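Asks: Just dropping this structure here.
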Ligand code: AMP
Ligand code: ZN
């Protein structure tokens, strides 16, 4: 099902033109219009799910298989030194388009693309709490 006013639904359905790199019955892979690096692409399911938490497991698995295949092509063709495969869920995590998508970002050594974080520390108290709550 597509959702009215969702730009990625319209792009995935082909109602809005996009730079499409791959398409099958369930997915479309497009170039990001605001790329972090040349070749930054997005894997979009054609069905609307806001984020990974809403996605059925089988479709999630397939989406990551599509991402892996595109990553192999990206490495061969763009000769990049690395690839980030990432996915944001909810505004607090940086999601701006609320239709599930996977980012593939080609990386070059020392390209200065800022996706990192400053490592904190895992305290014994946090570790105990998290093992208790999340295991
Ligand atoms: P996120 O912040 O994870 O929700 O990522 C949304 C991504 O979609 C950003 O990298 C945008 O540059 C990209 N984007 C937004 N609108 C379009 C569009 N019409 N076509 C292609 N990419 C888009
Ligand atoms: Zn949508």
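Asks: Only residues that are within 13 Å of ligand 1 (Cβ to nearest atom) and touching a helix residue (DSSP H, G or I) at 6+ places or on another chain (Cβ under 9 Å): list them for the range 8-36, please.
Replies: 15, 16, 17, 18, 20, 21, 28, 29, 30
Asks: Further, regarding this structure: Taking residue 99, is it within 9 Å of ligand 1 (Cβ to nearest atom), in contact (Cβ under 8 Å) with a residue 60 or more places away in the chain, under 22 Å from residue 116 (Cα atoms) and surrounded by 15 or more Cβ atoms within 10 Å (Cβ to Cβ)?
Replies: Details: within 9 Å of ligand 1 (Cβ to nearest atom): yes; in contact (Cβ under 8 Å) with a residue 60 or more places away in the chain: yes; under 22 Å from residue 116 (Cα atoms): no; surrounded by 15 or more Cβ atoms within 10 Å (Cβ to Cβ): yes.
The answer is no for residue 99.
Asks: Run down 91, 58, 75, 132 and say which single residue is within 15 Å of ligand 1 (Cβ to nearest atom) and modelled with pLDDT of 95 or more.
Replies: On the way: 58 fails: within 15 Å of ligand 1 (Cβ to nearest atom); 75 fails: within 15 Å of ligand 1 (Cβ to nearest atom); 132 fails: within 15 Å of ligand 1 (Cβ to nearest atom).
Step by step, each of 91, 58, 75, 132 is checked, and only 91 is within 15 Å of ligand 1 (Cβ to nearest atom) and modelled with pLDDT of 95 or more.
Asks: Check off (1) surrounded by 14 or more Cβ atoms within 10 Å (Cβ to Cβ); (2) more than 15 Å from residue 8 (Cα to Cα); (3) away from ligand 1 (no atom under 14 Å from the Cβ) for residue 84 and give me the number that stays unchecked.
Replies: Residue 84 satisfies every listed condition except (3).
Asks: Could you tell me which numbered condition residue 43 fails, if it satisfies all but one of (1) within 11 Å of ligand 1 (Cβ to nearest atom); (2) in a strand (DSSP E or B); (3) touching a residue at least 60 places away in the same chain (Cβ under 8 Å)?
Replies: So the condition that residue 43 fails would be (1).
Asks: Moving on. Just one of (1) away from ligand 2 (no atom under 16 Å from the Cβ); (2) under 18 Å from residue 107 (Cβ atoms) trips up residue 22, so point out which.
Replies: Among (1) away from ligand 2 (no atom under 16 Å from the Cβ); (2) under 18 Å from residue 107 (Cβ atoms), the lone unmet condition for residue 22 is (2).
Asks: Does any residue in the range 67-91 that is closer than 15 Å to residue 38 by Cα come within less than 7 Å, Cβ to Cβ, of a residue that is part of a helix (DSSP H, G or I) six or more places away or on a different chain, and which pairs are these?
Replies: Short answer, once both residue conditions are applied: 80/74; 83/71; 83/74; 83/75; 85/67; 85/71.
Asks: Right, something else. If only one of 42, 131, 115, 86 is away from ligand 2 (no atom under 16 Å from the Cβ) and under 17 Å from residue 30 (Cβ atoms), which one is it? Write out each step before concluding.
Replies: Values: 42 fails: away from ligand 2 (no atom under 16 Å from the Cβ); 131 fails: under 17 Å from residue 30 (Cβ atoms); 115 fails: under 17 Å from residue 30 (Cβ atoms).
Checking each option against the conditions leaves just 86.
Asks: Right, something else. If residue 5 satisfies all but one of (1) touching a residue at least 12 places away in the same chain (Cβ under 8 Å); (2) more than 9 Å from ligand 1 (Cβ to nearest atom); (3) out of contact with any strand residue (DSSP E or B) (no Cβ under 8 Å at 6 or more places or on another chain), what's the number of the condition it fails?
Replies: Unmet condition: (1).
Asks: Yes or no: residue 63 touching a strand residue (DSSP E or B) at 6+ places or on another chain (Cβ under 9 Å) and farther than 17 Å from residue 100 by Cβ?
Replies: no
Asks: May I pose another question? Only one residue in 30, 11 is in a strand (DSSP E or B), modelled with pLDDT of 95 or more and surrounded by 15 or more Cβ atoms within 10 Å (Cβ to Cβ), so which one is that? Before the answer, list the steps.
Replies: Values: 11 fails: in a strand (DSSP E or B).
None of the others qualify; the one that does is 30.
The values are calculated or read from the model by the stated rules, or taken from the named source; none is laboratory data. This is a predicted model, so every value here is computed, not measured. For neighbour counting, all protein chains shown are included, and Cβ atoms are generated from backbone atoms with ideal geometry for every residue, glycine included.
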